[in-house]
Amino acid sequence: MTTYITVLRAINLGAHNRIAMADLRAMLGKLKFQDAQTLLLSGNAVFRSDASSSAALERQLEAASAKYLKVTTDYFVRSAAEWRAIIKGNPFPAEAKSDPAHLVMMCLRDAPSAAAVTALQEKIKGREVVRAKGKQAYFFYPDGIGRSKLTIAVIEKALGTRGTARNWNTVLKLGELASA
């Protein structure tokens, strides 16, 4: 069996798309996934499965979420090995050590083109920096995330794909949980 990490998009923000983590774990159990654990309330889970691919798991989880949780949302699934590569491939190692709360990694549905990433960087009005590797993008917000004009809507439009982001501390905690 392979250990997987999934991160859900846009849940538990205000009254919209509310999912209790106990309900998410119960759903993962109904799907016969093993050792399901959640982290925080923002839709992060680690589980084991004999599924053949992350993409197949994404489709399965999205259908199950609509059926069991009555919530339609995107799931982004990476194997534990892929997650380790995400951590190792971080293009902002100094920022990860000095300011991890302002560094985010975004799981993307599709890998953006280099031209799309360059175009996004050129559109940024502030000091934010973007780098992408495969189906992940990394963003550093030196002046903070809250007031930045570099929002998920801007990012998704520029990159031509959907995604969900986690701050670097959460990325590391999920990696630890998947390795335990």
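Every number in this text was worked out from the coordinates using simple rules, so none of it is lab data. This structure is a prediction, so every number in the text was calculated from the model and none was measured. Neighbour counts are summed over all protein chains in view; Cβ atoms, including those assigned to glycine, are modelled from backbone coordinates with ideal geometry.
The ranking of HIS102, HIS16 from fewest to most other beta carbons within 10 Å of each one's beta carbon is HIS16, HIS102.
Taking a straight Cα-Cα cut-off under 15 Å and skipping sequence neighbours fewer than 8 places away in the same chain, the aspartates and glutamates within cross-link reach of LYS30 are ASP50, GLU62.
Panel order for ILE19, ILE152, by other beta carbons found within 10 Å of each beta carbon, from fewest to most: ILE152, ILE19.
Taking the chain as a Gaussian network of alpha-carbon nodes connected by springs under 10 Å, the highest mean-square fluctuation of the residues SER49, SER113, SER98 belongs to SER98.
In summary, segment 2-82 shows an alpha-carbon radius of gyration equal to 0.98 times the 2.2 N^0.38 Å reference for compact globular proteins. Our helix-only sum for the chain, with -39,500 (n - 2.57) per DSSP H run of n ≥ 4 divided by its residues, gives a mean residue ellipticity at 222 nm of -10500 deg cm²/dmol.
Against the chain, whose longest principal axis comes from its Cα atoms, helix 21-30 is set at around 50 degrees. Structure shown: which of LYS133/LYS173; LYS97/LYS125; LYS88/LYS149; LYS67/LYS97 lie over 31 Å apart, alpha-carbon to alpha-carbon? The pairs that break the limit, which is 31 Å between Cα atoms, are LYS67/LYS97. Using a Gaussian network model of the chain in which every pair of alpha carbons under 10 angstrom is joined by a spring, one finds that among ALA101, ALA111, ALA56 the greatest mean-square fluctuation is at ALA56.
In degrees between 0 and 90, to the nearest 10, how far off the longest principal axis of the chain does helix 54-64 point, with axes built from Cα atoms? For helix 54-64, the angle is close to 60 degrees.
In degrees from 0 to 90, rounded to the nearest 10, what is the angle of the helix 168-179 Cα long axis to the longest principal axis of the chain? On a 0 to 90 degree scale, this one is about 30.
Among ARG162, ARG18, the ranking by other beta carbons within 10 Å of each residue's beta carbon, starting with the fewest, stands as ARG18, ARG162. The listed peptides 82-90, 69-77, ordered by packing as a protection proxy, come out as 69-77, 82-90 (highest mean of other Cβ atoms within 10 Å first). Per residue, the average separation of C-alpha pairs within less than 8 Å and at least 6 apart gives segment 84-180 a relative contact order of 38 percent.
Averaging 1/r across all pairs of distinct Cα atoms in the chain and inverting the result yields a Kirkwood radius of 16.7 Å. Look at the alpha carbon pairs under 8 Å that are at least 6 residues apart: their mean separation over the length of the chain gives a relative contact order of 24 percent.
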